[in-house]
Amino acid sequence: MTATDPTAVPADPELLAEREALHEARAALRRMREEVDATELLFGDAAKDKVTDAALRRGRERRLAALADIPGAPLYFGRLDFEPGTVFLDEDAADGGPAPVRRPSDEPDRIHIGRRHVHDGRGRPVVLDWRAPVSIAYYQASPSERMAVRVRRRYGFGTVTGPDGQPGSVLTAFEDEDLLVGADAPEASLGSELLNSEIERPRTGPMRDIVATIQPEQDALVRAPLGTTLCVQGAPGTGKTAVGLHRIAFLLYSERERLSRSGVAIIGPNRSFLSYIRDVLPALGEVDVHQTTVHELLTRDLSERLRPAQGWVRRTEAPEAARTKGSAVMAEVLRRDLWAHLRSPEETVMVRRGSRRWRLYPEDVRPLLDELAARGVAYGSGRELLSHRMAHAILTLMEAEGEVCDDRTHAQVRRDPAVRAAVTALWPKVEPLRLVLGLLTDPERLARAAGGLLTPEEQQALLLPGKPRGPRTAKWSEEDLALVDEAAALIERPSGLGHVVVDEAQDLSPMQCRAVGRRAGAGSLTVLGDIAQGTSPSAARNWSTLMEHLGKPTGHLHTLDRGYRVPAQIIDFAARLLPTIAPLPPTAPDRPRPEASGFRSHPFAPVAVRRSPGALRLLPAAGEIAPALARGCREALRGEGSVGLIAADHQLPALREALAAEGVDAPLLGGTGTDTARLVAVPASLAKGLEFDAVVVAEPAAIVEAEERGANRLYVVLTRAVSTLHVVHARPLPAELA
Ligand SMILES: Nc1ncnc2c1ncn2[C@@H]1O[C@H](COP(=O)(O)OP(=O)(O)OP(=O)(O)O)[C@@H](O)[C@H]1O
């Protein structure tokens, strides 16, 4: 059944009962929150020391945040009727009460599925967390594989503004799927009215969670065990980002203890993207996930003292240089350069103890040094170990002469100025920034390290411009910072997080992949991306190579191909670019697509789950583009929800001015007020990962010409719309789209 006016009092008694049940569940959540709130005084008395007290306070704040009843995010979204006895013991029925009541033998075991577990005052579950094992059936049960489910109910919600002016949600509809009778409609859930209306619900501000409508193929990825590294190739709008975020929430639920010690991070392409996804995890009750970019990862540990006033990145590499600098061979160049710092022992090391002198001759030290250099230890640890080995060698001499030695003697000899001076001379301390600076400003040194690996021209392209005197004055690029990170890891092995999700991974260079892979350490990764959306000079051409660079060559590759965001008309238009932007190697493993032909059979093309008439509008402009663009924006604004105006970065400022002259205000993405503005101007380079109800694309030809992989960029730009795409062009469209 459906009801459209959220404020109307429904005549259907079942809908009324559902609203009442939801009301009670929310009251139960409020009580749980009040209980946590009331714990403050208790632990304030119990824990006398400040550190424990602060930790308890933080834990309490986290629990309170996790128990927030988020306005606009319904507490539960579904219900399952299981065969009796599947979930509850007979006496333990959901509505049992203190004195167990035996239920009629055929009454189903009924549970509500929601964002978090909620129990009533007596500890009985009112809502089960969507991540609990029993909830799997909500996402996976089908008429052919019922998982003991009889009926699946999905709820629909409408938004109302409460007396406090805040948006709230009202249960307006439910849709029952009787799995006992629906065996001949296996795809019923895909056609679900509620799924479509959830996708098409107008957007205002950041991304929403999809917890109510996760689809079976997405759910399988979300719930993969923590130890599994996944690589997900997915066409635009197939839900990769959503899967990554929900997977984090799932892992934090199922492995909370392990992950709260080791940490979890999601890495996105830029700050605009992170801002776009910022609300999803908190809405799922997870507030402790590090959301970051590769750039932030690479600069976070760089010396604050040396931080250049203008920020670390002051230069963009030319594509060819970016590719060379980003290539994995640079790891070997750096390794050679670092280890070339070792010196061969030439001097005798003499340690005085009382009246006696103990000597290590060069031929004594050389084998120690050689053994350590060959052992594969980190450079910094090797330095430490050398001092230990030298002290040990001296203690051996002392003991041979009858001296009594213990750990204290060892420590004293290690710290002896002669030993320390020898270690410094033989195994000098190296600082990563200075190492890379030295290497990239000294052609002869670079030639020594890169001999046989890079051509003289490639080496020349690596050098930093100007004659920087130190790390502060150097003009670093994004690629240089990945080299610094590699150097830092060669000197000291970093510790890793428990799980890292990396989105838009296709754009990472091999060196950036290594940096990200190190963050996952012994943990696992979820790698999300789309080869066809690769726009960086080093963008990956296949996943297996990228997974090797990430250090997880055995990760499982999965493909998501059901496109939820983009209607078929738009995707058919954009997919004409695929043969150009993602040519298939002759040996590419192709998926069978018997129903498709031409570009639709391309393995990276999505299968749209929705069609919407009039979704694609081509608006050729005669002469100046601005008036047509203004018309396109006005038309897009006539629909509901968000509108993105996307243009080549270099054209956007002038276009915004021209639009303003036409009376259309398009604030720049990320500027003040853009969270609430309906129309936002987006540089093409920042469109990746974002979406809008309607998109107006200005001058596709200019987007293609703006960069080396401009056609890939255009594909990204054309696939951002949920409802309508307006393509405004004064110049001819690129050949594939004409
Ligand atoms: N199961 C679902 N239920 C409802 N909405 C969904 C579902 N799956 C995806 N969507 C919606 O489709 C849109 C696209 O999802 P998402 O951004 O995760 O896709 P993506 O694969 O990362 O896309 P892109 O590669 O273009 O960045 C989002 O609005 C998301 O909420």
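The values are calculated or read from the model by the stated rules, or taken from the named source; none is laboratory data. Just so it is clear, the structure is predicted and the values come from calculations on it, not from any experiment. All Cβ positions, glycine included, derive from the backbone under ideal geometry; neighbour counts span all protein chains shown. Calculation scope for accessible area: heavy atoms of the full protein, side chains included, ligands and nucleic acids excluded. Shrake-Rupley method; radii C 1.70, N 1.55, O 1.52, S 1.80 Å.
Annotations for the structure displayed:
- Tensor-based shape of segment 118-246 (alpha-carbon gyration tensor, a/c under 1.5 rounded, otherwise prolate or oblate): rounded
- Placing +1 on the Cβ of every Lys and Arg and -1 on the Cβ of every Asp and Glu, with nothing else charged, gives the chain a dipole about its Cα centre of roughly 2380 debye.
- For segment 305-372, with all protein chains in place and a probe radius of 1.4 Å, 48% of the accessible heavy-atom surface sits on carbon or sulfur.
- Angle between the chain longest axis and helix 652-661 axis [Cα atoms, degrees, rounded to 10]: 40 degrees
- Remark on V696: its backbone amide H falls under 5 Å from those of G644, L645, I646, H726, a criterion applied only to residues 5 or more positions apart or on other chains, H modelled at 1.01 Å from N.
- Rounded tilt (10° steps) of 13-37 against the dominant C-alpha axis of the chain: 30 degrees
- Residue-normalised accessible area of the chain, expressed per residue, 1.4 Å probe, Å²: 45 Å²
- Among the listed pairs K475/K552; K429/K475; K240/K475; K467/K688, those beyond 27 Å (Cα-Cα): K475/K552; K240/K475; K467/K688
- With K and R counted +1 and D and E -1, the other residues having a Cβ less than 11 Å from that of D693 yield a net charge of +2.
- Total charge dipole magnitude, segment 349-426, about the Cα centre, Cβ charges on Lys, Arg, Asp, Glu only, Debye to nearest 20: 340 debye
- For segment 349-426: relative contact order, % (alpha-carbon pairs under 8 angstrom, 6 or more apart): 34 percent
- Helix 417-426 and the longest principal axis of the C-alpha atoms of the chain enclose an angle of approximately 70°.
- Relative contact order of the chain: 13 percent, from C-alpha pairs under 8 Å at least 6 residues apart in sequence.
- Heavy-atom accessible surface of segment 568-737: percent carbon and sulfur, 1.4 Å: 57 percent
- Share of carbon and sulfur in the accessible heavy-atom surface of segment 430-554 [1.4 Å probe, %]: 50 percent
- Coarse-grained scattering of the chain at q = 0.05, 0.10 Å⁻¹, given as base-10 log I(q)/I(0) from a Debye sum over alpha-carbon atoms: -0.33, -1.10
- Projecting the Cα atoms of I646, A608, L584 onto the charge dipole of segment 568-737, computed from C-beta unit charges around the Cα centre, puts A608 farthest toward the positive end.
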